[in-house]
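All remarks here apply to the structure that follows.
Just so it is clear, none of the values below were taken in a lab; they were calculated from the coordinates. None of the values given here were measured: they were computed from a predicted structure. All Cβ positions, even for glycine, are placed from backbone atoms using ideal geometry, and neighbour counts span all protein chains on display.
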Amino acid sequence: MKSPDFCYYEALSIEDAIKFKSNDLEAVILAGGQSLIPALNMRLSSPSCLIDISKIKELKNITKDNNFIYIGSAVTHSEVMQNKFIIDHLPVLIDVLNMVAHPAIRNKGTHGGSIAYGDPAAELPAFVVAANAEIILMGLNGIRTIQASDFYHGLFETDIQDDEILTCIKYPILKNNQEILFDEIYRRHGDYAMAGVVANIEILNNKIDNLKLVFFATGTKPEVALKTSELIIKDGYDYSNVKNMIKNELDFESDLNSNAEMKLHLATILTNKVLKLMET
Amino acid sequence: MLGSKKITINFIINDEKFNDITVPVRQHLGDFLRSIGLTGTHIGCEQGACGACTVELDGKAVRSCLILSSQINGSVIKTVEGLDDTLMKKVKEIFLKHNALQCGFCSSGMLITTKEILNKKKKLNREQIRTEISGNYCRCTGYQSIVDAIEEAIEDNIQGYLK
């Protein structure tokens, strides 16, 4: 299990990395490498060159203004978990990252890397979609911003173009009546989930005023249950109905650790769990 | 030429300086360490799941199978061979006392992970210890005694007995 032969290039700046990537379409970006290097070791991928962006300073900042938190793509999961802005304004992200692999992997794996890789069973792609984050990309023509919900096209497929690099993730700061809840079911702490949910909820006069349910590890990409969310906002939350609503809306896909029927069951249980939290 | 298949780098391993070392860029750090005789770092799964190859890179525990040798330019690395300060000597004694190893394959990774747990200086219950070491497999399934040892090490460290 050794990686195939490739070239290595340490990019000095974002522009430098973009230039290299647009000249060599077989080259791939190396950030933390905690998904890429296993894939190379298992020979699932054989790029011509790895463009290492992990030492580019501009990609390693977390900043905040009045409305948004900006996380640079090469910030590691451990750094995000210890950041003051995140602790104060987006603490749910720390709970989410606690479920991303293990400490030794979080010390190296990056925020942008996980989002750009787009593993359907990973937590962060579903989180950015649920949090209504924006993905900031840089390419030969400059900066482009895309809504996270439009970013994922399919299995490991994203909207990143050949000349583009994911540079930053822009999270809206939550309103006072807004909360993001998260839960997942796993075999071993840190493993990919068998099924998971992220719910973005707004409460008004003790009622759910706005809701966005996003599931992961259930299909080929993070799945937004738009109709289910709308029905729950309109008619209130009815335990006995949740399974039917989700079943009518989403296509569940079996994977190695659970089949589609089981994933539907787990998604129902998880939805009940997070919505129950809102009742208390 | 842009991008290369070999790279010449400098780094420090277990307090020893290495200058102008040329490595193939595709070689992972675990293989490199073993190639220079530091065979205490064990290679298990080579996909980041088992934790046997865990080493310390710039003060943080990482998987040496998921880092390329080409990425360690300018870094400070510690392997199990370098755990020779008073704290880690005493931790090793605690591991022995509790029989927290059978075949020893996972032990180097377990010790590096324990070092990172102790760095946090936080008291953890047994369940939290299990979560912290969830990334380290022991296929002798000696987890009970490993948790016993880490529990004692945390307590002793907080009490200041490991200085």
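Tell me, what is the percent relative contact order of region A:58-172, built from C-alpha pairs under 8 Å that lie six or more residues apart?
In percent, rounded to a whole number, it is 28.
Sorting check: for B:124-134, A:221-231, which peptide has the highest mean count of neighbouring beta carbons within 10 Å, and how do the rest follow?
Most protected by this proxy first, the peptides run A:221-231, B:124-134.
Which of the peptides B:32-45, A:248-261 is most tightly packed, and how do the rest follow, going by the mean number of other Cβ atoms within 10 Å of each residue?
Per-residue mean Cβ counts within 10 Å order the peptides as B:32-45, A:248-261.
When Cβ neighbours within 10 Å are restricted to other protein chains, what is their mean count per residue of peptide A:49-61?
2
Take every residue in peptide A:25-37, count the Cβ atoms of other chains within 10 Å of its Cβ, and give the average of those counts.
Mean partner-chain Cβ count within 10 Å for A:25-37: 3.
Structure shown: which of A:60/A:263; A:60/A:276; B:17/B:115; A:84/A:276 lie over 27 Å apart, alpha-carbon to alpha-carbon?
A:60/A:263; A:60/A:276; A:84/A:276
Cα centroid distance between region B:1-69 and region A:177-211, in Å?
After rounding, the separation between the Cα centres reads 39 Å.
Among DSSP bridges having both ends in the protein assembly as shown, what percentage is antiparallel? Round to the nearest 5.
So the antiparallel bridges in the protein assembly as shown amount to around 85 percent.
Could you rank the peptides A:40-53, A:189-202 by their average count of other C-beta atoms within 10 Å per residue, with the highest value first?
Final packing ranking: A:189-202, A:40-53.
With springs connecting C-alpha atoms under 10 Å apart, model chain A as a Gaussian network and identify which of A:158, A:218, A:63 has the largest mean-square fluctuation.
Of A:158, A:218, A:63, the Gaussian network model singles out A:63 as fluctuating most.
Determine Rg/Rh for the protein assembly as shown; Rg is computed over alpha-carbon atoms and Rh is the Kirkwood hydrodynamic estimate from the same atoms.
Rounded to two decimals, Rg/Rh equals 0.98.
Taking Cα pairs under 8 Å and at least six residues apart, what relative contact order does chain A come out at, in percent?
Relative CO of chain A lands at 15 percent.
Mind listing the lone cysteines of chain A, meaning no other Cys beta-carbon sits under 4.7 Å from theirs?
So, A:168.
Nearest 500 deg cm²/dmol is fine: what mean residue ellipticity at 222 nm does the protein assembly as shown get from its DSSP H runs of n ≥ 4 alone, each adding -39,500 (n - 2.57), divided by its residue count?
Calculated from helices alone, the mean residue ellipticity at 222 nm is -9500 deg cm²/dmol.
I'd like the orientation of helix A:260-279 relative to chain A: the angle between its Cα long axis and the longest Cα principal axis, in ° from 0 to 90, rounded to 10.
70
Here is the link list: A:19/A:57; A:227/A:247; A:2/A:221; A:175/A:207; A:221/A:247; B:90/B:121. Which ones come out longer than 19 Å on Cα distance?
Long pairs (Cα-Cα over 19 Å): A:2/A:221.
Across peptide A:104-112, what mean number of C-beta atoms from other chains lies inside 10 Å of a residue's C-beta?
Per-residue shielding by partner chains comes out at 6.
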